[in-house]
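Participant: Can you read through this structure? Questions will come right after.
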There are 2 protein chains.
Amino acid sequence: MSAQSPDTQSPRPRIRDAEATKSRILEAAKKEFAKNGLEGARVDAIALEANANKRMIYHYFESKERLFQTVLENAYFDIRESEKKLDLDSLDPREALERLVRFTWNYYIQNPEFISLVNSENLAQARHLKSSETVKIVSRRFVGLVDTILKRGVAQGLFRKGVDPVQLNITIAAVSYYYFTNQYTGSIIFERELMSEAAQAERIRFNIETILRIVSL
Amino acid sequence: MSAQSPDTQSPRPRIRDAEATKSRILEAAKKEFAKNGLEGARVDAIALEANANKRMIYHYFESKERLFQTVLENAYFDIRESEKKLDLDSLDPREALERLVRFTWNYYIQNPEFISLVNSENLAQARHLKSSETVKIVSRRFVGLVDTILKRGVAQGLFRKGVDPVQLNITIAAVSYYYFTNQYTGSIIFERELMSEAAQAERIRFNIETILRIVSL
DNA sequence: CGCCTTTCGCACCATATGGTTACTTTGGTA
DNA sequence: TACCAAAGTAACCATATGGTGCGAAAGGCG
């Protein structure tokens, strides 16, 4: 990089961009909260990582707690947005379920912060989510997704009747979520490298089979 | 309460009981770590709850980190001890699986700290468990449990062949564990009281059915 | 009984942490 | 172009926190 000016100590002109700064803070906060939990996360570390001044965090987000809340709400919003793009209604019900199971897995892989954030929120007894209307709204659509698939499967004589869509939903999340969130203790207890490519492929297969067996006649 | 003596400020004679003190500290630590996580837990709070002096914690356990490690190892030891008492080998394979699923559920209900401790340890990337030989040993027996049931089921023509006992083990834990650890966010997202007696009974039923469907022919 | 190891308690420390005060700089606009 | 609200910075603060130094008392043992 060449010298921009012959200044003795060019105090690089501060760029004013509120949106960019906010977004850098949010990204850094997501990382830090995910890595160290709500209590373990350090506001100074977030400021540093975001390349922002700590004061800005309090300026835009009021407190560490509220920053966490914003990060969490965004995380829920993002996963539900991704689900919207799945277009499951055009698929055979069995394939739709399989795609949903695969999607869940891949989302956790690509967004490892999500699980950790949710864990932190549960440790906090969901006190940040209680007041969040957005999360409730986006979640409703999500539950409807599986319900529709189930109904279509039953109508086509592919699935058995009486499967509770909420229980199925929970189970679809559970079989992937548990695997990831307990990957460290799991690898020790089962004396098996759970995160290798081979192990992952095997687990996805098993999960798809599990979910299809739940709904099968 | 009557005055025990006419002393001006009877400094109640200190009772010396190392084992009792250690055990009170461990119990208090389990509670505090489970409630607030490894980072959120406060050593002062543990001392207070244990009715012990903070100095004793460092005397017996060296550091907060090592105290956590001890609590965690004990927790794993306890759950494996309980499983030993299940006597699954005398049961019909299907009933053995059902009993194991029920046991897992009940254990989490009766020992809510367990899940939270394991979550904390995974946030810490299992760094406290890595050096623990005891955990590895007691875990081995645990995996063998399901393997035996599966083999017996296959031999009796009740279960299909080729089910990986580790995958099944993980799934048995997953369907209960996820439900509990995400009970707070879950109740919001699914807009349903997940911890009512009725909801719990329904979930146990669903879990048993899920596990039996995985192994069925 | 007197000794001495172990258990226990108080006061204290260095540091880290969430949060704030007070100030400077930027850049859109009247 | 001068103004001023908003964006940004640095130094600072009160407090909480994990961890210790050191002395006192308990009680088993010779």
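The values are calculated or read from the model by the stated rules, or taken from the named source; none is laboratory data. This is a predicted model, so every value here is computed, not measured. Neighbour counts are summed over all protein chains in view; Cβ atoms, including those assigned to glycine, are modelled from backbone coordinates with ideal geometry. The accessibility values were calculated without ligands, DNA or RNA, using every heavy atom of the protein model including side chains. Shrake-Rupley method; radii C 1.70, N 1.55, O 1.52, S 1.80 Å.
Participant: May I ask you to list the residues in the stretch A:59-81 that are in a helix (DSSP H, G or I), hydroxyl-bearing (Ser, Thr, Tyr) and more than 9 Å from DNA strand D (Cβ to nearest atom)? Break it down stepwise before answering.
Facilitator: Residues of the stretch A:59-81 that are in a helix (DSSP H, G or I), as a first pass: A:59-61, A:64-81.
Remaining after also requiring hydroxyl-bearing (Ser, Thr, Tyr): A:60, A:70, A:76.
Of everything in the stretch A:59-81, those that are in a helix (DSSP H, G or I), hydroxyl-bearing (Ser, Thr, Tyr) and more than 9 Å from DNA strand D (Cβ to nearest atom) turn out to be A:Thr70, A:Tyr76.
Participant: Considering only the stretch A:127-148, state which residues are at the interface with chain B (Cβ under 8 Å from one of its Cβ atoms) and part of a helix (DSSP H, G or I).
Facilitator: Hits for the stretch A:127-148 are A:Val135, A:Lys136, A:Ser139, A:Arg140, A:Phe142, A:Val143.
Participant: Do you know which residues across the stretch B:144-182 are aliphatic (A, V, I, L, M) and closer than 22 Å to A:Ile170 by Cα? Quick ask: steps written out before the conclusion?
Facilitator: Going residue by residue through the stretch B:144-182, those that are aliphatic (A, V, I, L, M) are B:145-146, B:149-150, B:154-155, B:158, B:163, B:166, B:168, B:170, B:172-175.
Those that are aliphatic (A, V, I, L, M) and closer than 22 Å to A:Ile170 by Cα: B:Val166, B:Leu168, B:Ile170, B:Ile172, B:Ala173, B:Ala174, B:Val175.
Participant: Could you grab me the full set of residues in the stretch B:41-71 that are open to solvent by less than 10 Å² (accessible area, probe 1.4 Å) and either within 11 Å of DNA strand C (Cβ to nearest atom) or touching a residue at least 60 places away in the same chain (Cβ under 8 Å) (or both)?
Facilitator: Initial filter on the stretch B:41-71 (open to solvent by less than 10 Å² (accessible area, probe 1.4 Å)): B:41, B:46-47, B:50, B:57, B:67-68, B:71.
Correct list: B:Ala47, B:Ala50, B:Ile57, B:Phe68.
Participant: Take the stretch A:23-47 and flag every residue that is of a type in the set (A, V, I, L, M), more than 14 Å from chain B (Cβ to nearest Cβ) and away from DNA strand D (no atom under 11 Å from the Cβ).
Facilitator: Passing the criteria: A:Leu26, A:Ala28, A:Ala29, A:Ile46.
Participant: Pairs only if they're at least six apart or on different chains, beta carbon under 7 angstrom, first in the stretch A:17-31 and touching a residue at least 40 places away in the same chain (Cβ under 8 Å), second among the hydroxyl-bearing types (Ser, Thr, Tyr) and near DNA strand D (Cβ under 9 Å from one of its atoms); list them, first residue then second.
Facilitator: Filtered contacts from the stretch A:17-31: A:Ile25/A:Tyr60.
Participant: Additional query: At least 2 residues that are surrounded by fewer than 17 Cβ atoms within 10 Å (Cβ to Cβ) and either touching a residue at least 40 places away in the same chain (Cβ under 8 Å) or more than 7 Å from chain B (Cβ to nearest Cβ) (or both) in each: list the helices (runs of 4 or more DSSP H) lying fully within the stretch A:160-217 that qualify. Break it down stepwise before answering.
Facilitator: Details: elements: A:165-181, A:183-189, A:197-215.
Hits in the stretch A:160-217: A:197-215.
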